[in-house]
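The values are calculated or read from the model by the stated rules, or taken from the named source; none is laboratory data. The shown structure was predicted, so the numbers you read here are calculated from the model rather than taken from an experiment. Methodologically, a virtual Cβ is constructed for each residue, glycine included, from the backbone with ideal geometry; neighbour enumeration extends over all protein chains shown. Remember, those area values only see protein heavy atoms, side chains included, never the ligands or the DNA or RNA. Shrake-Rupley method; radii C 1.70, N 1.55, O 1.52, S 1.80 Å.
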Amino acid sequence: MRLAETIAGWLGRVEVVLAGVEGYLRDGEEALARGDAMRARQLAKAILARVPHSPIGLALLADACEAAGLEAELALTLEELASRVASRGEVWVRLGRSRERVGAPAEETRDAFLRALAVAEPGTEARREALLWLADLDLSNGDGPRAELWLERLGDRKHKDVALRRAEARLLQNDVEGARAALEGLDADPTDGRAALLRGRALAIGGDVAAFPLLLRAMVLEVPGATEALASALAWLPTDETSRAKIRTVVEGRGEQGLARWKAAFARAEGRRDEARAALVAAVRAGEGSAARPLLDSALEDRDHAALSVALGALGESASDPVVRDARRLPSPARLRDPGEAAAILDALAQVETARARTWADEARMTALAGWIPPSGAPGDWTSLLTRLDRHARALHALESTAKIAELAVERSRPVRVAIVGEFNAGKSTFINAVMGADVAPTGVLPTTATLHHLRYAPDPFARIQFYEGDVKERIVPSSELRAALKNSDTGNVKRVEILMPIASLTRVEILDTPGFNAPDQRHTEAARSAFEEADAAIWLLDAGQPLKQSERRILEEAKTTKLPVQILVNKADRLKPDDLAHVMSTVDASLVETGLRSWSSPIALSARLALQGKLGDAGALDASGWEAVQKLLDEQIVGRSDELKERGLRRRASRVVVGLLERAREHAHDELATIEAARSAATELALRAAKLEREVDETAQMVAGALTAPAADWKRDLDVVVTGRDAAQAEADPVLSRYKIDRAMTRLAGPLAKVLASIAAAPRAGAGEDDLMPFVRAVIRTFAASGGRADALLPLTRSAIASLVDHLLELAAAPPERGRAEGRVAELEALASALGLKD
């Protein structure tokens, strides 16, 4: 229906009849009907000459200008008409469309449609068109979530106009599956360019070459955005020469072959990536703004920060575009080279969420971490790394990990720690005594050797005995009394023994004397395994009489999985003849190769018993023990490489902490995603509820008014008490009485109104309870009472309250769920686990 007919039907024709210009109006309408827009324009001006500012005359003039394509005059005419009939949604819709066509500021265009929405009646075409236009404005600005809110107010999700826009909103939020779901079931009309474009974009984002026919069709149909979408697909999806030829034909037919966008897309499709990027950079620098986004995509794919900077400079601040937002978080090469920037870089990268930027972010994350954890194995920046891990542990409330991180900080200052490992009665304690040159570890097949012993330096000798159970968890005794103390203890309850001695060698290396893995008590076997966790390296003592039994191979496999450096020594060599010993050593070498196990250095045969005798004064025994090779190994491969071993040990233990944190972080990320999905679902429900309330405002207002009957009667009685016997006019003008009227309205109506509105809202999330609604409830009651509202005529109050409730629900729905750092923390911890991984 033309605007003149609408306005005439609303106002009536009395005005033009009285002015004697009814014939002009009739002739003008007939001229429009036969396509003579300029004649209709002339007649409209004749009406306005006789009746200045006539809404009917202005409406006819607007119809004529629109038909004639006189956009500037149409805009001016509609501006005046809107000021004359501000309550007509149709006028505001036409004004919004006109402002958009003449290039008015976006906010002015939006304002016209918002005004249309405010005055249009539910169910009218004006309201529908205003909502669709508002959605389109937000879609053009990249604001998918807000566009969806306008669409939800239309109610009909399956209608083609709504479904297409919902699909576009989903694509803007990188939700390809959501876009496909929105498009599902729509008729595939071959002339519907917008549907073809959206389907093509969804396929292209998913990497499906089936996107090309759809995008080509959209471009032929001249759908806005089709050129950009097809050029992007050509640049990033695989094509053959035939496909490229078809696209080239269409591009040349449109006369766009000279655009940098197409030059770059074809160059990239043909493998000339540097040429493509250079063409886009040149175009952007020459002022071709349309090349900025393709350049951004190209720079992200090629990890070219210089090109990225050019693209971002041209795109400006685009907070609504998640890819642009993420691109700004990617660090420059100069920042990556600065170790002091690592923490800030990691913080920024943790917020990257789009797939387009994530690959670069992952690489940048590894580069930043390399400043703390050099891939070469050189000593890391443990202060920065442990500070970072502690921050993650505290954020995840991982108290056990926090304690382990504190232990790692302390361990940095200790000497290299070596575990002496082997099966029960392999001679481990004797070997330790030989290393120390003193009888410091219990020897022989005694129950005490089923306990983990930790030898380390202290200026005064003493021992600390730790127990599994009992009231006394720890006992400290002089070293000289250790044997007696252990004999008098329940050895099955002894968890660990620390022996602290003023022996110079212990300042260079700490020793863990482990229980045998074949010890009778399973707890002692677990204590032996725990040495793998604590040690920087292990010396595995095999019994020359039965080396590398199946049980030993099984435990060595465990050591291998922890990447703990293990040195194999074959003890009790003095019990074998030279030929037999040679055969044993050969068998050990072959077995290690067969099982894929490695010794830190080549296995060495020795007699720990003879070595100890030699250390205690028997020179002949020392020569026969094979200790010289062992001592050289200890000096060169253990103590001499202590920094390397300690670094490996720290990385290994830190890696275990990271694995624990990663598991917890993944749980948090899963919970966060579930929370976000629940919030989105709740937002959708809120928007749908608001749309329903808006459509059913009259029925709902009647229901709310009925619910307020009793409190309204109480309000009326409060007023009747103070006005009885007074002149009505004086009472109405009395400011004190006016304030009393408002106060009593607040007292009687606010609580009940808030309660009934909260029950109507039935919001699935916080924000729409009685207390939440009370501020606007009090505001509408104050306005109602101050403007002469009566207790027996509540509909103006309830309609206003429902309109405010609709706005409140939509405001709640519009608040996007905040994405926390859970996913970013998972990505960083995964990178840390990779960086800390030890190469064989």
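A few points about this structure:
- All of ASP698, ASP718, ASP714 fail the test of being acidic (Asp, Glu), assigned to a helix (DSSP H, G or I) and at pLDDT 90 or above, apart from ASP714.
- Hey, VAL251 of a type in the set (Val, Ile, Thr), outside any helix (DSSP H, G or I) and either surrounded by 20 or more Cβ atoms within 10 Å (Cβ to Cβ) or touching a residue at least 24 places away in the same chain (Cβ under 8 Å) (or both) or not: no
- Matching residues in region 80-94 - criterion: being under 17 Å from GLY57 (Cβ atoms) and either touching a residue at least 60 places away in the same chain (Cβ under 8 Å) or crowded, with 19+ Cβ neighbours inside 10 Å (or both): LEU81, ALA82, VAL85, ARG88, GLU90, VAL91, ARG94
- Residues being surrounded by fewer than 17 Cβ atoms within 10 Å (Cβ to Cβ) and of a type in the set (A, V, I, L, M) - total across region 626-665: 3
- For region 549-561, the set of residues classified as open to solvent by 30 Å² or more (accessible area, probe 1.4 Å) and either in contact (Cβ under 8 Å) with a residue 24 or more places away in the chain or under 18 Å from TRP627 (Cα atoms) (or both) consists of LYS549, SER551, ARG553, GLU557, GLU558, LYS560, listed by residue number.
- Taken together, the residues in region 517-542 that are closer than 14 Å to LEU556 by Cα, of a type outside the set (S, T, N, Q) and at pLDDT below 70 amount to 2.
- Of ALA629, ALA605, all but one fail to be touching a residue at least 40 places away in the same chain (Cβ under 8 Å) and in contact with a strand residue (DSSP E or B) (Cβ under 6 Å, 6 or more places away or on another chain); the exception is ALA605.
- Tally of residues being over 17 Å from GLU534 (Cα atoms) and loosely packed, with under 13 Cβ neighbours inside 10 Å across region 380-411: 3
- Residue count, region 119-152 (criterion: open to solvent by less than 20 Å² (accessible area, probe 1.4 Å) and charged (D, E, K, R)): 3
- Counting only helices (runs of 4 or more DSSP H) that sit completely within region 279-360, those holding 3 or more residues that are closer than 22 Å to GLN257 by Cα and not aromatic (Phe, Trp, Tyr) correspond to 292-302.
- Residue list for region 493-508, restricted to those being open to solvent by less than 70 Å² (accessible area, probe 1.4 Å) and touching a Phe, Trp or Tyr at 6+ places or on another chain (Cβ under 8 Å): ASN493, VAL494, LEU500, MET501, PRO502, ILE503, LEU506
- Of everything in region 587-604 that is within 21 Å of SER551 (Cβ to Cβ) and of a type in the set (A, V, I, L, M, F, W, C), the residue that is surrounded by the most Cβ atoms within 10 Å (Cβ to Cβ) is VAL588.
- Across region 570-586, the number of residues qualifying as out of contact with any helix residue (DSSP H, G or I) (no Cβ under 7 Å at 6 or more places or on another chain) and surrounded by 14 or more Cβ atoms within 10 Å (Cβ to Cβ) comes to 3.
- Within region 742-763, residues that are closer than 18 Å to ALA705 by Cβ reach partners that are surrounded by 21 or more Cβ atoms within 10 Å (Cβ to Cβ) and charged (D, E, K, R) with beta carbons closer than 8 Å, at six or more positions or on different chains, in the pairs ALA761/ARG689.
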